[in-house]
Amino acid sequence: MHRGGELDFAAQRLRMVDLIAARGVRSAAVLAAMRRLPRERFVSAGFEKFAYEDGPLPIGAGQTISQPYIVALMLEAAELGLRDKVLEVGAGSGYAAALAGMIVREVVAIERHAVLVESAKKRLKLLRIANVDVRAGDGTRGLAEEAPFDAILVAAGGPQVPESLKLQLAIGGRLVIPVGDESQRQSLRKLTRRSKIHFEEEDLGGVMFVPLIGEEGWTEDAPRSPQS
């Protein structure tokens, strides 16, 4: 892309982050990462000019890259720290995982569509983000061999919070996930693990994500909903 286009994207990116901040996102680390990461590199070819609009965009395999404000809201709710190990379920384009990787020590991201796994890996390599590992698999089951996680982010809506993900949280860990009927409005939930068996839960408001498909989510033939 010519230099003028790059400058236009940079200006659009700063405006987008200013609007996200105006909507109440206060995390300095999240906002700084969003100012640096080129979202236009994470959308499908031909959609780059829409990269800094506050809405979802298609990325292939029937999936979307989430609305920037929702990504920022989830990252802020996860209270990410420099030493954290993070699990992301539903890596998609790799955008949210990349943002998290700019804040924390390590990110492991799971995506069930192999084609999206490969494209996300290529983007991360080109952008020299080396602390994000994208894998193919059933994200509803998490990654027990990599647990415990300080934070878990789920970019798809499930009928309930998968028990496997709850159990893979470290004590004090935070899990952010949309929950609700796949064809109706979902609520964004934040769970904080206070002990081996006790979890605090907070409702962060209404959202709409594609269904969380897997053993502890919806079945493969679940109706599709637009993603936030």
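The values are calculated or read from the model by the stated rules, or taken from the named source; none is laboratory data. All of these numbers come straight from a predicted model, not from anything done at the bench. In this analysis, Cβ positions are derived from the backbone assuming ideal geometry, glycine residues included, and neighbour counts consider all displayed protein chains.
When segment 18-77 is filtered for residues that are out of contact with any strand residue (DSSP E or B) (no Cβ under 9 Å at 6 or more places or on another chain), part of a helix (DSSP H, G or I) and not hydrophobic (A, V, I, L, M, F, W, C), the ones remaining, listed by number, are 18, 35, 36, 40, 41, 48, 49, 68, 69, 76.
The single condition among (1) touching a strand residue (DSSP E or B) at 6+ places or on another chain (Cβ under 9 Å); (2) surrounded by 15 or more Cβ atoms within 10 Å (Cβ to Cβ); (3) not aliphatic (A, V, I, L, M) that residue 8 does not meet is (1).
Output the residues belonging to segment 187-207 that are more than 16 Å from the chain's Cα centre (by Cα) and polar (S, T, N, Q). Answer for segment 187-207, where residues must be more than 16 Å from the chain's Cα centre (by Cα) and polar (S, T, N, Q): 192, 195. Of all the criteria given as (1) at pLDDT below 95; (2) assigned to a strand (DSSP E or B); (3) among the charged types (D, E, K, R), the one not satisfied by residue 190 is (1).
Conditions (1) surrounded by fewer than 23 Cβ atoms within 10 Å (Cβ to Cβ); (2) in contact (Cβ under 8 Å) with a residue 40 or more places away in the chain, marked per residue:
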{"position": "28", "(1), (2)": "yes, no"}
{"position": "53", "(1), (2)": "yes, no"}
{"position": "60", "(1), (2)": "yes, yes"}
{"position": "64", "(1), (2)": "yes, yes"}
{"position": "68", "(1), (2)": "no, yes"}
{"position": "71", "(1), (2)": "no, no"}
{"position": "78", "(1), (2)": "no, yes"}
{"position": "105", "(1), (2)": "yes, no"}
{"position": "115", "(1), (2)": "yes, yes"}
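Of the numbered criteria (1) in contact with a strand residue (DSSP E or B) (Cβ under 7 Å, 6 or more places away or on another chain); (2) of a type in the set (D, E, K, R); (3) closer than 26 Å to residue 219 by Cα, the one residue 141 fails is (1). Checked against the criteria, residue 101 counts as of a type outside the set (Val, Ile, Thr), closer than 21 Å to residue 27 by Cα, out of contact with any helix residue (DSSP H, G or I) (no Cβ under 7 Å at 6 or more places or on another chain) and buried (at least 24 other Cβ atoms within 10 Å of the Cβ).
Of the residues making up segment 157-176, just one is touching a helix residue (DSSP H, G or I) at 6+ places or on another chain (Cβ under 8 Å), in contact (Cβ under 8 Å) with a residue 60 or more places away in the chain and more than 17 Å from residue 84 (Cα to Cα), namely 158.
Pick from 62, 46: which is within 19 Å of residue 126 (Cβ to Cβ) and out of contact with any Lys or Arg (no Cβ under 6 Å at 6 or more places or on another chain)? Full working, then the answer.
Numbers: 62 fails: within 19 Å of residue 126 (Cβ to Cβ).
So the residue among 62, 46 that is within 19 Å of residue 126 (Cβ to Cβ) and out of contact with any Lys or Arg (no Cβ under 6 Å at 6 or more places or on another chain) is 46.
If I filter segment 78-101 down to residues being of a type in the set (A, V, I, L, M) and in a strand (DSSP E or B), which single residue comes out as nearest to residue 156 (Cα to Cα)? Explain how you work it out, then say what you get.
Within segment 78-101, the subset of a type in the set (A, V, I, L, M) is 78, 80, 82, 86-87, 89, 91, 96-100.
Going one step further and asking which of them are in a strand (DSSP E or B), we end up with 86-87, 89.
Values: 86: 16, 87: 14, 89: 8 Å.
Checking each candidate, the answer is 89.
Report, by residue number, each residue of segment 193-220 that is part of a loop (DSSP other than H, G, I, E, B) and touching a Gly at 6+ places or on another chain (Cβ under 8 Å). Don't jump to the end; show me each part of the working.
Step one: filter segment 193-220 for residues part of a loop (DSSP other than H, G, I, E, B), giving 194-198, 208-210, 212, 214-217, 219-220.
Residues satisfying the conditions are 194, 208, 209, 210, 212, 214, 216, 217.
Of the residues making up segment 165-181, one or more are at pLDDT below 95 and either aromatic (Phe, Trp, Tyr) or buried (at least 16 other Cβ atoms within 10 Å of the Cβ) (or both).
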